[in-house]
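K.L.:
Quick one: structure below, then a few questions.
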Amino acid sequence: MQTSARETAGYNPGMTLPLSGMHVLVADDSPTVLAAVRETLASAGAQVTTAGDGAAAVRTAMDTQPDAIVLDISMGGINGYHACRLLRLETTTRDTPIVILTSREPEPAQFWAERAGADACLFKDDGLAGLTTAILEARAARRRSTPVVAPHPARRTPTSDGDVLERLATLLDRELFKATILDDVSALAAHMDDLQTTLELLGDVLRRVIEAPFAALLHDAPPGLFALSRPDVPLEALWNIVWGASSRPEWAPTYSEDRQVVVPRVSEQVALTGLEPRVLHAAPHWEFVYFLHRGESLSVESLELCRLFAQAATLVVSNARLRAEAQRSALTDELTGVFNRRYVQGRVEVELERSSRTGGTLSLVLLDLDEFKKINDEHGHLVGDGILRETAQSISRILRPYDVLGRFGGEEFVILAPDTPLEGAVRLAERARQTIARLHPPGAGVQLTASFGVTVARRGEPDVDALFRQADDALQRAKRAGRNRVEATG
């Protein structure tokens, strides 16, 4: 008497078979393999439908909506990878467990199967013993996962191989568009542009992808917002929306499990525009945010492209941030955080040339902390370093946004004041002197004072060294006159 596959597997009428009640679609262009897979799955209790090629598999899957799909890679017409990608785009099959069978090299096949959207890739040379387990594990994983995007719009069921091929052509066109976006974004990684220029270039790419307002939000102090696509509201309004979506004055949103912004407080600006910020991609120091009206959502294709863009742009933004940080490190004083001597001297050259061309004025202030060596000797360098930092911070707070503060060396600082006449620079120096005199650094137990030398560039004499010599001469006069005072020369 012939033994059936169920009997070989140890089946008895009282058992519940693992695939009982499941409808499984199997596609393979080899009748021998097709029969073997059918027998294996039927012995596990599955109802099996077969297809002889990829196009037939897509049509049958759309028509019958199976509980699981098994695809061979090498089939005539549409191969298993293409069929899998098409099925993942369809509403009725995008969450259906798909297992790919192959006799190709394991590692490349596994990689491309995952990229195509398959849940598992099994190798025919290993036999079919693991197929039932792979289907069950894929189904369990699919049931555990919660979709985080809106459903795909319903599509017309393909009625012919030509219809399936047309969809495949559309898919390939979309993949080409994605590849173009990735190439354009990746090319920016090699650019040596500043962060703002980099974000503007990214915006040029993004405008081909999304029409909704889209921005890059920087968490640095102070935080900033850069529009990456043409917003239908002003950038200032977008910033107000972001600010209003936070429970704190600075941008520090909280998130739900699906990374959507939780809005604890709604600003008046949000109420006026009806827009809400939604986080697309978050990094430690910045985020990509898009804005939609309440109740709206991006299409699945737009959201997929935006996520693809965000992933590729992450490297570009990170590189730009690293370059900016390297530039800051090269141009700033490590101890105090203000500009270093090299930067200030270069900036003086630029401002001298500009003032000579425009007829403006440029003032320079040199200041030196009085008796600083004595403070270092009596209280130690840690106290001295703290005094230098506190001095730099206190002076920075009284300067205009376009003034430049630098540490010129040791306890000496320099202030560059563009478009400022001599009398204005003297007032600035006096204010800085009074600010320093009010400082009481911990651990020093001394009264801090500073001496100041002020000068202004003479028209037609854009000489950096001469300007610094004039300021230094005035500074030395202040020291000889008893310190803690401002002297000027023009």
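K.L.:
Which residue, of Gly359, Gly386, is surrounded by fewer than 19 Cβ atoms within 10 Å (Cβ to Cβ) and modelled with pLDDT under 85? Show your work before the answer.
P.N.:
Numbers: Gly386 fails: modelled with pLDDT under 85.
Within the list Gly359, Gly386, the selection yields Gly359.
K.L.:
Sort through Val317, Val289 and tell me the only one that's part of a strand (DSSP E or B) and touching a Leu at 6+ places or on another chain (Cβ under 9 Å). Steps first, answer last, please.
P.N.:
Working: Val317 fails: part of a strand (DSSP E or B).
It is Val289.
K.L.:
A further question follows. Count, please, the residues in the range 20-50 that happen to be crowded, with 20+ Cβ neighbours inside 10 Å and in contact with a Pro (Cβ under 7 Å, 6 or more places away or on another chain).
P.N.:
Of the residues in the range 20-50, 3 are crowded, with 20+ Cβ neighbours inside 10 Å and in contact with a Pro (Cβ under 7 Å, 6 or more places away or on another chain).
K.L.:
Condition first: among the small types (Gly, Ala, Ser) and touching a Ser or Thr at 6+ places or on another chain (Cβ under 6 Å). Can you find one or more residues in the range 376-388 that meet it?
P.N.:
For the range 376-388, residues among the small types (Gly, Ala, Ser) and touching a Ser or Thr at 6+ places or on another chain (Cβ under 6 Å): absent.
K.L.:
Let me ask you something else. Based on this model, can you work out whether Leu428 counts as in contact (Cβ under 8 Å) with a residue 60 or more places away in the chain, buried (at least 20 other Cβ atoms within 10 Å of the Cβ) and over 26 Å from Gly346 (Cα atoms)? Before the answer, list the steps.
P.N.:
On the way: in contact (Cβ under 8 Å) with a residue 60 or more places away in the chain: yes; buried (at least 20 other Cβ atoms within 10 Å of the Cβ): yes; over 26 Å from Gly346 (Cα atoms): no.
Considered against the rule, which asks whether it is in contact (Cβ under 8 Å) with a residue 60 or more places away in the chain, buried (at least 20 other Cβ atoms within 10 Å of the Cβ) and over 26 Å from Gly346 (Cα atoms), Leu428 comes out as no.
K.L.:
Something else about it: Any chance you could count how many residues in the range 315-333 are within 15 Å of Leu188 (Cα to Cα) and either crowded, with 17+ Cβ neighbours inside 10 Å or in the same structural domain as Gly406 (by TED's automatic domain parsing) (or both)?
P.N.:
5
K.L.:
For the range 336-372, enumerate the residues that are of a type in the set (A, V, I, L, M, F, W, C) and part of a loop (DSSP other than H, G, I, E, B). Steps first, answer last, please.
P.N.:
If we filter the range 336-372 for residues that are of a type in the set (A, V, I, L, M, F, W, C), which is where we start, we get 338-339, 344, 348, 350, 352, 362, 364-367, 369, 372.
Correct list: Val338 only.
K.L.:
To continue, here is another question. Collect the residues in the range 292-314 that are outside any helix (DSSP H, G or I) and surrounded by 14 or more Cβ atoms within 10 Å (Cβ to Cβ), keeping them in residue-number order.
P.N.:
In the first step, residues of the range 292-314 are kept if they are outside any helix (DSSP H, G or I); the result is 292-299.
Listed by number, the residues that qualify are Leu292, Leu298.
K.L.:
Kindly state which helices (runs of 4 or more DSSP H) lie completely within the range 1-117 and contain at least 1 residues that are at pLDDT below 85.
P.N.:
Qualifying helices (runs of 4 or more DSSP H): 5-8, 54-64, 80-89, 106-116.
K.L.:
Quick check, is Leu366 of a type outside the set (Val, Ile, Thr), buried (at least 19 other Cβ atoms within 10 Å of the Cβ) and either touching a residue at least 24 places away in the same chain (Cβ under 8 Å) or farther than 24 Å from Arg477 by Cα (or both)?
P.N.:
Details: of a type outside the set (Val, Ile, Thr): yes; buried (at least 19 other Cβ atoms within 10 Å of the Cβ): yes; either touching a residue at least 24 places away in the same chain (Cβ under 8 Å) or farther than 24 Å from Arg477 by Cα (or both): yes.
Answer is yes for this residue.
K.L.:
Tell me, which residue of the range 280-338 that is under 30 Å from Gly117 (Cα atoms) and β-branched (Val, Ile, Thr) is modelled with the lowest pLDDT?
P.N.:
Restricting to residues being under 30 Å from Gly117 (Cα atoms) and β-branched (Val, Ile, Thr), the top hit is Val300.
K.L.:
Do you know which of the residues in the range 375-409 that are outside any helix (DSSP H, G or I) and touching a residue at least 40 places away in the same chain (Cβ under 8 Å) is nearest to Val348 (Cα to Cα)?
P.N.:
Here is the first cut: in the range 375-409, the ones outside any helix (DSSP H, G or I) are 380, 397-409.
Of the ones still in play, those that are also touching a residue at least 40 places away in the same chain (Cβ under 8 Å) are 404-409.
On the way: Val404: 10, Leu405: 11, Gly406: 11, Arg407: 14, Phe408: 13, Gly409: 16 Å.
Step by step, filter the range 375-409, then rank; the result is Val404.
K.L.:
Further question on the same structure: Residues of the range 343-388 being among the acidic types (Asp, Glu) and farther than 19 Å from Val454 by Cα, which ones?
P.N.:
Once the filter is applied, which keeps residues that are among the acidic types (Asp, Glu) and farther than 19 Å from Val454 by Cα, the range 343-388 yields Glu353, Glu371, Asp377, Glu378, Asp385.
The values are calculated or read from the model by the stated rules, or taken from the named source; none is laboratory data. As the structure is a computational prediction, the values presented were derived from the model and not from experiment. A quick note on method: Cβ atoms are made from the backbone with ideal geometry, for glycine too, and the neighbour counts reach across all protein chains shown.
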